[in-house]
Each structure stands twice: as C-alpha cells, then as structure tokens.
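Below is one structure; the comments refer to it alone.
Each reported figure results from applying straightforward, stated rules to the coordinates on display, with no laboratory input. If you're wondering where the values come from, they're calculated on a predicted model, not measured in any experiment. Cβ coordinates were reconstructed from backbone atoms using ideal geometry, including for glycine residues, and neighbour counts include every protein chain displayed.
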C-alpha cells in the first residue's frame, strides 16, 4: 500500500468527525428557531463515532488534484457524508432492511425509536443542502449550486433512493407470489449503480466541481468514480457472501437469504474476484491524465477492492 | 372576499398540479440513471390530486409584487410543495402520527406500504433541491442558492423537522411516565413556529428572493410570513377542536386526545378567535409598503384564518 494512503484516509476521517461535531452543535444558525436536543443528539449518534469516511476521502483527494485543500472542501465532503448517513438510518428501519447493528453498535432506531430515526434522517438530508448552500463552502454561488445539483440528483429518485426502491423490489417485497424477481447482470448492475454507485461517483464529481476541473478532467474523473462504485459493490457482495459478522460489523449472508441477485451470485466468487481486479486496473487507468498526483486515488480503488469491512 | 383571490388561488393550484405532473414524468433527467416506476408512482400519489396549494400560492403572489410571473417562480413554488408533501407522508407513518386518511384518501403508506412511503418522502425532499438547483428556476446562481438555503434551513433541524420532533415529545411519546409534557404558551408558539410556521414563512421569503426584493421589503414580507404562520396554526387548532372529520378531510380531536397543548387549549376558543382576528390585521398591516398591490396577500391571510379544511 502506498505509504501516504492510510495517513491521508485517517486524516480526512478525523477532519470529517471534527467538522460534523462543530456543525452539529446546540447553537442555532441564523434562520433556525431552535435545535431540539433529542433530534440533535440522534443526528450526532448517527453521524459521529467513526466509519472509514470513504466518501469524504474521495472528495478531498479529488479536490487536492487541483490544489484545493480548505474548509470549503471539507464542508462539501461532510454534506455528502450526511446524505450517506441519512440513507443508512432510513435503510436500517424495521420497515426497510430491519437491521439492529451498524458498525458494531445499535442502529439509531434501536438506540432511540423509529419516529426519531425517521426525523433524524430527514433532518440530515436537509442539513446536507444547508451546508452546501452556505457561503462558507465556496465563495462562488455557481460552484455551490453545481454541488447542490450533483448531490440532489445522485441521491434521489434517479439515484440512491431509487436504487433502494429497486433493492426492496428485488427482495420480492412486492411480488404477487412473494418471491424475489432475481435480476440478470444488467439489472443488477443498474440497481447497484443507483443504490451505492451514484453517491460514490458524486463524491468524486463534487471534488472535481470544487476544484474547478475542466471538461476533460471531469470526464476522466467521472469514469474513475463510476468504476470505483462498481468495485465497491462487488467487494461488498463478496463480504456479504464470505465475511463473518464480527469482522464486517453488520449481519452477513443476507443477500442469499433474501434470494437477491448480486454479481457474486450471478458470476460465482472466482469470476467476481477477477472482475474486481479488472475494475481496479480500470480505475487506475482512468486517472492517467493526472499522473502520479493521483496515486492516492489509485490506492483508494485498491483499498475499496480489498477492504475487509 | 376580494374577487380576484379565489381565481388566483385556483390558478396557482392548477399550475402547481401541471408542473408537478411534468416534473414527475418517467423520463430520467441528465445524471439520473433511471426512475423506478413504483417510487415515481408513489411520489405522484403523494403530490398530485389537489390540496389548496397554499404555499405555492404564497410564493407566486409574493413574487408577483415584484412583477415576476414565470415558470421559474412556479418551480420554486413546486419545490416548496414537495417539501410540504414529503413532511405529510412521513408524519402520517405509523411510527409517527399514524394517520390513515389525508384529504379524504388513504395515506401513502396505506395505499402502498411503509417502506415505499419512507422512500417516496426521501426522494421528494431531494427532488425539491434538485428543482431549485436547476438553471430553469432562475438564471442567476446566487438566487438559486439563496432559495436553496432558505428552503433547507426552514425545513430541517432548526425548523420543520425539529418542530415535528418537539410535537412528538409534547405527546409524551418519550416521557418516563408516558404523560405528555404540556407546554406553556411560549413553548407552544415555538413548537408551532417550527413545525408549520417556518415553511409558510419560507414560502413568502422565497417569493421575495426570486422577486429581488430589497432589504426593507424583505423585512416587511418576513413579518407578514411569520404572522401568517401563527394565524394558520390557530385556525388549524380551532379546526381540530371544533371541526368534524368529513369536512376537514382528516381525523379531528386528535390534539385533545393526545393531551397536547395548543393555543386553543391554553387560551380557550373565544380568546383564540380574538387572537386570530388580530393576527389577520397584523398581517395586512405588515404589507403596507406594497399598497393595494398586496391585496391578494391580505386576502390570503383572511382565507387562512377562515378556512374550514
């Protein structure tokens, strides 16, 4: 592993934690009436206390390609993380995936209750857009609105939320005979591109926006982000198929139990591993316009493929 | 009633319906991967088919004070309505207020299921910010980002979502002995200012932003919006205390059953009516800088106070 990689990943994780802690303070901002303690605490429970912070890392490392390293970049990164965090809170609800454990601790609705978890998730989405719209993120309104559009479009109906809908359908939740409609490879790829790929790609894209990348650079980075998302999902499916819950920090073997198609179930473990290695190569190649400056992002693709949790 | 008022209210309601119908089409936008039919249908079920469209009306009439009447104004109005709509969908969930009926038809989770209702709500918040961020709303990025900030801040932790949290607490949902913590007048006003007032005030404020109101005009309109929000809530509490479900289109008498404080329970019906009449006067007076041009907004305050559903 590139010597710099772990250092940089950890540094961004710490900066994410610090900024979230500051932003989720009891002091209301201008235009806020009050911050109800129970809701604030629930948002803090959902957002603070670790995680790899892969999405913030992607934004930070992409912006750094263009020499941009400041609080504004961290704000964009934290906004993304709030959207990621809200999606986990809502996905864990009993009405959705019904998970009791997340990163080894009780999920938000277990620690609080369903109503508080729904509201904390709602307030986190909104908070993400609040963060992006504030002038502290970037002095240029055009940049802030471009960040807003990218985050909104990647996480809604045509992206992350839509992907979660397809995922519930794939579990046969709504099939007349109760059986899952196992998808083929194209359908499975599309579902995954929406559910997890879109927000990962947005993390890279938002780094490019805030770094003022030109059209060609944005195209290269979009390709990288897309391939990285696919790699992430295959690695996730492999973990679900092979990992044990203690290491992974959440329940495993759930896909098979639900009869859900994954690339692993469609292709087999060996072929999925080969595909994964190919994607890591492809991600690295997509970054060729940036030379050695993009080594941390290349290393990130390897890390995503090899992670054990 | 001012002869123009009903006409204008109905016209905006129709324009809201038409634009929502167009925006919630099956065609994905650039950057969207696909629009899953079940999720799109649920969003349409939540958003289409009526309602007074009071918030869009406020935005449209405020922007019209400044001569602005175009599709961009309608987009801002519809974004607001999506946030209002999502909040109803989530508030109706069994884990929250557990309502089966909304405007005389089954609530979204009854017509679909809880998971779909949670996701449709999520996708609607995101969609609101997508609409605002798109250049079609206003050519000036600074205007679009100001709209975004206003909507985000009024509807999140320090506004609408926070108000719903306080409301659940006021129902004694989390009290150790299970009894509601009945609030005094100041607490009740704050709760209501957050839960319903903030978004109503934002409807006026967004009209002012898109109309390029100057500082003094914005201050006058902010006062109007704030007072209107209070009037709305007292009228709502009176309807809950006195209305019957068939006319109101949803269950009534719920506040008393839950032991919740409202201005009506704190002051009594007569005093609440007097306060309401005073607020209508105050709203009209706040609009004095705009002369007769603001008569539709004045009429709106009367309408809000006198509505029967």
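In nanometres and ascending order, the distances from the residue A:48 label point to those of the other copies are 4.5 (point 7 Å from Cα along Cα→Cβ).
Would you mind classifying the range B:1-116 by shape? Square roots of the alpha carbon gyration tensor eigenvalues, ordered a ≥ b ≥ c; an a/c under 1.5 is rounded, otherwise it is prolate if a/b is larger than b/c and oblate if not. Verdict is oblate for the range B:1-116.
Across identical copies of the chain, residue A:254 has label-point separations of 3.0 nm, listed in ascending order, with the point defined 7 angstrom from Cα along Cα→Cβ. Computed over chain B, relative contact order equals 18 percent, with contacts defined as Cα pairs under 8 Å that lie 6+ residues apart. Its Kirkwood hydrodynamic radius, worked out from the mean inverse distance over all distinct Cα pairs, puts the range A:3-306 at 19.8 Å.
Distance between the pseudo-spin-label points of residue A:218 and residue B:110 (7 Å out from Cα toward the beta carbon): 4.6 nm.
Per residue, the convex hull spanned by the Cα atoms of the range B:1-68 amounts to 103 cubic angstrom.
Here the sum of -39500 (n - 2.57) over DSSP H runs of 4 or more residues, divided by the residues of chain A, equals -21000 deg cm²/dmol at 222 nm, to the nearest 500.
Projected over every direction and averaged, the convex hull enclosing the alpha-carbon atoms of the range B:50-188 yields 10.4 nm². Rounded to the nearest 0.05, the FRET efficiency derived from the C-beta distance between residue A:275 and residue B:29 at R0 = 35 Å is 0.75. Computed from the C-beta positions of residue B:295 and residue A:254 and an R0 of 60 Å, the FRET efficiency is 0.50 to the nearest 0.05.
Position residue B:139: other-copy label points at 2.5 nm, ordered by increasing distance, label point 7 Å along Cα→C-beta. With the Kirkwood sum run over all distinct C-alpha pairs, the range A:185-302 has a hydrodynamic radius of 15.1 Å. Evaluated at q = 0.05, 0.08, 0.11 Å⁻¹, the base-10 log of the normalised Debye intensity for the protein assembly as shown, with identical point scatterers placed on the Cα atoms, takes the values -0.22, -0.55, -1.04.
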